[in-house]
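The values are calculated or read from the model by the stated rules, or taken from the named source; none is laboratory data. Worth saying up front: this structure is predicted, and the values here are computed from it rather than measured. Reconstructed Cβ throughout: ideal geometry from the backbone, glycine too, with neighbour counts over all protein chains shown.
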Amino acid sequence: MERGLLARLFGRGVGLLCMPDELRGVLSSLPPGAVLTAAPEREPKLRHGYAVAVGDFVVKRLLAAGVPLRVGVVDCATLRGRRDCSFYEELAARKGYRLVHVANPRSTLSREAVEAVVEAVGSAEKSIVVVEGEEDLLALPVFAAAPRGLHVAYGYPGVATVVVRVTRWVKLFAMLLLGHFVPCGPKA
């Protein structure tokens, strides 16, 4: 699945995909079956088993509450604030998370970042993917690559945390959206 996903998204020689403006409104809608919660750390779906979180606020909150995250995807900033990755470096040292550093410019998906996220989701090793740039759109390849039944949490700024159980429909929704991204940057 992972190699097929990467090949479908990036094709030969493509290194960067840009989100077209017409997707901005669509991406603010929730995936099928999404649950909004103000207290993600109390969400039983996240407390049992294999979970992924995207976004610094959600990752830090869940880890502080003892939620067993398998993968976190962060950019070391909240609401485009100052970058500080020390929390994740300490976490890696204390709790055995593997840190993976990638670049992913704002409003894009880089091949490097998507490969790292897809690999982390498919691995048994706990990982934090640290993004130089912006991590927000990386929830889409998480949904596309994740096994059914996995729970994904991400921030909906100013509203709540979104928790989604990956189903066939969620995967299709993500692939449909990803199919609208267009090549826009340096070759891979």
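Odds and ends about this structure:
- Those residues of region 133-188 which are touching a Pro at 6+ places or on another chain (Cβ under 8 Å) and more than 25 Å from Pro44 (Cβ to Cβ), in sequence order: Gly133, Glu134, Leu178, His180, Phe181, Val182, Gly185
- Inter-residue pairs, beta-carbon under 7 Å, first at positive phi and of a type outside the set (D, E, K, R) and in region 26-40, second part of a loop (DSSP other than H, G, I, E, B) and surrounded by 13 or more Cβ atoms within 10 Å (Cβ to Cβ), 6+ apart: Gly33/Thr167
- Residue that is over 15 Å from Ala153 (Cα atoms) and touching a helix residue (DSSP H, G or I) at 6+ places or on another chain (Cβ under 7 Å), where the choices are Ala77, Ala7, Ala65: Ala77
- Contact annotation: residue pairs with Cβ atoms under 6 Å, 6 or more positions apart or on different chains, pairing a residue in region 89-107 that is under 30 Å from Pro20 (Cβ atoms) and without any contact (Cβ under 8 Å) to a residue 40 or more places away in the chain with a partner that is surrounded by 13 or more Cβ atoms within 10 Å (Cβ to Cβ) and charged (D, E, K, R), are Val102/Glu112; Ala103/Glu132; Arg106/Glu134.
- Single residue of region 130-174 satisfying the filter (surrounded by 15 or more Cβ atoms within 10 Å (Cβ to Cβ) and free of Cβ contacts under 8 Å to residues at least 40 places away in the same chain) that is nearest to Glu90 (Cα to Cα): Leu140
- Subset of region 175-188 [surrounded by 14 or more Cβ atoms within 10 Å (Cβ to Cβ) and either in contact with an Asp or Glu (Cβ under 9 Å, 6 or more places away or on another chain) or not hydrophobic (A, V, I, L, M, F, W, C) (or both)]: Pro183, Gly185, Ala188
- Qualifying position, being out of contact with any strand residue (DSSP E or B) (no Cβ under 9 Å at 6 or more places or on another chain), modelled with pLDDT of 80 or more and under 20 Å from Ala146 (Cα atoms), among Leu27, Leu5, Leu23: Leu27
- Residue count for region 144-169, restricted to those that are part of a helix (DSSP H, G or I) and among the small types (Gly, Ala, Ser): 2.
- Among the residues of region 104-115, those that are within 16 Å of Gly72 (Cα to Cα) and buried (at least 23 other Cβ atoms within 10 Å of the Cβ) comprise Asn104, Ala113, Val114.
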